[in-house]
Amino acid sequence: PAHDPTPPLATANPHRTTYRTTMACFKSTYADELVATAAAMSVPGKGVLAADESTGTIGKRFDGIGVENVEENRRAYRELLFTTDGFEKYCSGVIMFEETLFQSCKDGTAFVDLLKSKGIIPGIKVDKGVVPLPGNTRGETTTSGLDGLGERCAKYYAQGARFAKWRAVLTIGDALPSAQCLDDNARCLARYAAICQQNGLVPIVEPEILTDGAHGIDKCAEVTERVLSCVFAHLMTHGVMLEGMILKPNMVTPGSQSSQGGSSASREEVAAATVTALRRTCPAAVPGVLFLSGGQSEEDATAHLDAMNKGDQQGRKNPWTLSFSYGRALQTSCLKAWLGKESNVAAAQAALLRVSEANSKASLGQC
Amino acid sequence: QGRVCHFSRRFSRSTVGFSTHSRPRIAPRLVPGAFAKTRSLRSATPNFHVHETSVTMASASSLASIQAPPVALRASALARARAAARARAPIVPRAAASAPPMSGIGACHAGAFLSETEKAHLVTIAAMIGTPGKGITACDEGPGTIGDRFEAVGVVNTEENRRAYRQVLFESEGANEFLSAAILDPETLYQKSSTNGELFPKVLMARGIVPGVKPHLKIFALPGQNGATVMQGLDSLAVRCAEYKAAGCEFAKWRSPLEIDVANGQPSDLTIETNMRDLARYALICQSQGLVPIVEPDIALKGTHDLETAVRVNVKVQSELFHQMNLHGVYMEGAVLKSNMVNPGKDCPVSYTVEEIAEANLQVFRRCFPTAMTTANFLSGGQSLEDASARLDAINKRKGRKDPWNLSFSWSAAVQMPLFQLCKGKDGLQLEAIGALYVAELAIASAAALGTHTRKGTEGDHKGRGGLFGGKK
């Protein structure tokens, strides 16, 4: 039987609060809303657009198409993305950078209001970027931004955001990631997630393991499983409500410099290794696993997601939705079509729609 | 702690470990001489019990109708099995052929030390154990524990009685329709069926019931933890697993009991971590010897805690278990969970319906039970068959898309206590009656495992005895 939503409970104590929150052992006024938002972000056939490039990073994208990195261009580009007709069919939410959360369309409509009117949930990147780990001799980093996070979350919630994102970065190497790196990044992710939930934001938990390196797919699988296991251990310790969060992991692939090389591990291998890693470490209570694209081409990112949703399920369905939270893998064609010109907006939007639709199909295994 | 220590009475009956299946006892410090004596006894006698040997020899010669071979023959068969096990590769983890040099945190990954064939075998056995509609019969009480149960109903505790009783549990007509596996005490591994003279592991396998074993474990109080315990048994486990494998076992089981004692802060972080680490290492050792590990974190029913507390503690314990298993590199797809059902404490004053209990169980699993593991077979832990079945049934009725595991039973007391009652006031074991009732009970358990059982009245509900929201006094 496939119960969705949960059937009602015959209870011996009708004056007790809703069972889900009671048994989550999670005391937050936002519990039910968090669960609803996370469920909305996990609808199969939809994914999240990661449009949260910081000012510096979007500058790199703009450099590639010869566009000046000024606030008006950044605003215009995001308006292009959000006003794409029909985009809401494939997109459940958009992650924004702080600047963007407070920006508006040319006609004065606030971005958050525009998105909400289309049924797209606004989200916000809340981390402040990576910083070196003190005493670490291998160049490993942690992510900063915990100080004052609660107040910022409240401010973003008031503006209309309903989910947040925090990106931890780990590297595979000889004896890497180190215990220090793994421990601190997992701990920061957990604390970030707990703070978000206390302030009404669904946390997207993103432990990204970079593809840099010459390792094979097995090594990536090993590290991914270890990282995810540690992340969930810390989430448990910090009392994060799994039903109200989203996981945004890397896919399990060979290293970019490995002899197996970028795309020469088959799509099925990547899919199988990724789903296996999740089955070993990601609890069923998490409603959605929305992958990062991590520099994969649009085609690869779509094909891998599709293979995962089509793949041999061994007769058992996955308990979480497998979908996308792509940045470059949704925007590359769009940026190339736009080139900063008003006259190209329609073509750019068409490109975005095309890639989004492909990924929507991939999240249903229907490519 | 107010617990009675029966050590002196125990020692006359068994020398190697006690089954702690139902009543954990604190083992006193072993004196060095005692251990040495234990070891030499083990090598001398096939069934490890000084007292029983003489009885066995007498009964073997006098019961001519039963084709039990003389002790000397059994000893040599055992010695051959042992020699074969020792002749195999030394008991150290083998580096997988394609594994890169291990450094840093990547010491072991998900069964990387196993070959593809070995992994496939573990998956096959785990799948057999997790056959929908079937469950495990737990017959692994040591001679001491089963002896207590026999004597409580006036049955003499002899090796033959233990053998004959287990034979009924294995061979009753129709039992194998409902059984996927059986957990045996090591003694039983080397006993034979009177039906065809075959060793029990072979008999079971021929009936489609996977045989497994509970290795000897000793309970030990963790100093400074208010009586919380750990299980000792990792030393020499690999060697013993190899013996059990040679004897026909395909899985093993290790039980780590825990108690919720909120006032004393138990189970504490240390108690949980220590026990779960040991379970993870036991699992790794089993897999290295070709046995599927059943990991059994058993949080006792005892206590006054409410269901929410039980959920919180179960999530904490099981999260730690699976985290340790992942860190140790256990091949998750080739392991099985045998956990307690999540219940309010036995003396909890708050009432709960069976649906609330079922929901609590699913919530716990959703929060920590990896979907790479395919089956969880609940222990009964003091619940009656009626309550356990009603709850298992409610769990399976509520199962949905979020719950891809097979959820079934691995019951001993719930199924067997009524069987002993059939012998009360009678002369010896009532084998036929036992068999009939046993199969009827298994049918109920099987229906519960499929979610097709119908409970009577309020079976499975927890009736609180008082307090603000409580029921009847």
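The values are calculated or read from the model by the stated rules, or taken from the named source; none is laboratory data. Since this is a predicted model, take the numbers as computed values, not measurements. Neighbour counts are summed over all protein chains in view; Cβ atoms, including those assigned to glycine, are modelled from backbone coordinates with ideal geometry. What goes into the accessible areas is simple: the full protein's heavy atoms, side chains included, and nothing from ligands, DNA or RNA. Shrake-Rupley method; radii C 1.70, N 1.55, O 1.52, S 1.80 Å.
Stokes-Einstein D for segment B:244-306 at 20 °C, 1.002 mPa s, Kirkwood Rh over Cα pairs, in µm²/s?
Roughly 164 µm²/s, to the nearest whole number.
Positive end of the dipole of segment A:184-230, charges at C-beta (+1 Lys, Arg; -1 Asp, Glu), about the Cα centre: which of A:ASN185, A:ILE217, A:GLN197 has its Cα farthest in that direction?
A:GLN197
When only alpha-carbon atoms are used, what values of Rg and Dmax, in angstrom, describe chain A?
Answer for chain A, Rg first and Dmax second: 20.0, 67 Å.
Tell me the Kirkwood hydrodynamic radius of segment B:203-244 in angstroms, computed as one over the mean inverse distance between distinct C-alpha pairs.
One over the average 1/r among Cα pairs gives 12.7 Å for segment B:203-244.
With +1 on each Lys and Arg Cβ and -1 on each Asp and Glu Cβ, how big is the dipole of chain A about its Cα centre, in debye rounded to the nearest 20?
Computed about the Cα centre, the dipole is about 680 debye.
Is there a quick way to get the dipole size of segment B:96-254? I mean about its Cα centre, with the Cβ of Lys and Arg at +1 and of Asp and Glu at -1; what is the value in debye to the nearest 20?
Value, rounded to 20: 200 debye.
For B:GLU198 paired with A:LEU339, estimate the spin-label separation in nm (one decimal), with each label point 7 Å from Cα along the Cα-to-Cβ line.
7.9 nm
Sort largest first and round to whole Å: the equivalent ellipsoid semi-axes of segment A:176-287, each the square root of five times a Cα gyration tensor eigenvalue.
Calculated on Cα positions only, the semi-axes equal 27, 15, 11 Å.
On the principal axes of its Cα set, how long, how wide and how thick is segment B:348-432? Give whole Å, largest value first.
Answer, in whole Å and largest first: 51, 34, 18 Å.
Please provide three numbers in whole Å: the alpha-carbon extents of segment A:250-311 along the principal axes, with the largest listed first.
Cα spread of segment A:250-311 along its principal axes, largest to smallest: 36, 21, 20 Å.
At q = 0.13, 0.16, 0.18 Å⁻¹, what log₁₀ I(q)/I(0) does segment B:247-364 have when each alpha carbon counts as one equal point scatterer in the Debye sum?
-0.53, -0.75, -0.89
Kindly sort B:VAL262, B:VAL317 by accessible area of their heavy atoms, largest first, with the probe set to 1.4 Å.
Result of the area sort, largest leading: B:VAL262, B:VAL317.
Checking a compactness column here: for segment B:173-219, what do you get for Rg(Cα) / (2.2 N^0.38 Å), N being the number of residues?
1.21
Would you kindly work out the equivalent ellipsoid of segment A:273-367 from its C-alpha gyration tensor and give its semi-axes, the square roots of five times the eigenvalues, largest first in whole Å?
Its equivalent ellipsoid spans semi-axes of 30, 12, 10 Å.
Nearest 20 debye, what's the magnitude of the dipole of segment A:213-350 about its Cα centre given +1 on Lys and Arg Cβ and -1 on Asp and Glu Cβ?
180 debye
When only Cα pairs under 8 Å and 6 or more residues apart are kept, what is the percent relative contact order across chain A?
19 percent
Can you show me the helix-derived [θ] at 222 nm for chain A, built from DSSP H runs with n ≥ 4 at -39,500 (n - 2.57) apiece and divided by the number of residues, rounded to the nearest 500.
Here the helix-only value at 222 nm equals -13500 deg cm²/dmol.
Find, among the trypsin sites (Lys or Arg not before Pro) in segment B:386-465, those assigned to loop by DSSP (not H, G, I, E, B) with at most 15 other beta-carbon atoms within 10 angstrom.
Those satisfying the criteria are B:ARG401, B:LYS424, B:LYS426, B:LYS456, B:LYS463, B:ARG465.
For segment B:411-460, what number results from the quotient of the Cα radius of gyration and 2.2 N^0.38 Å?
The value comes to 1.31.
Using a 1.4 angstrom probe with every protein chain in place, what is the largest-first accessible-area order of A:TYR77, B:TYR190?
B:TYR190, A:TYR77
Counting just the Cα atoms, what span does segment B:386-473 cover along each of its three principal axes? Round to the nearest Å and put the largest first.
47, 39, 19
Hey, if you put +1 on the Cβ of every Lys and Arg and -1 on every Asp and Glu Cβ in segment B:118-190, which of B:PRO143, B:GLN167, B:GLY154 ends up farthest toward the positive end of that dipole?
About the Cα centre, the residue reaching furthest to the positive side is B:GLN167.
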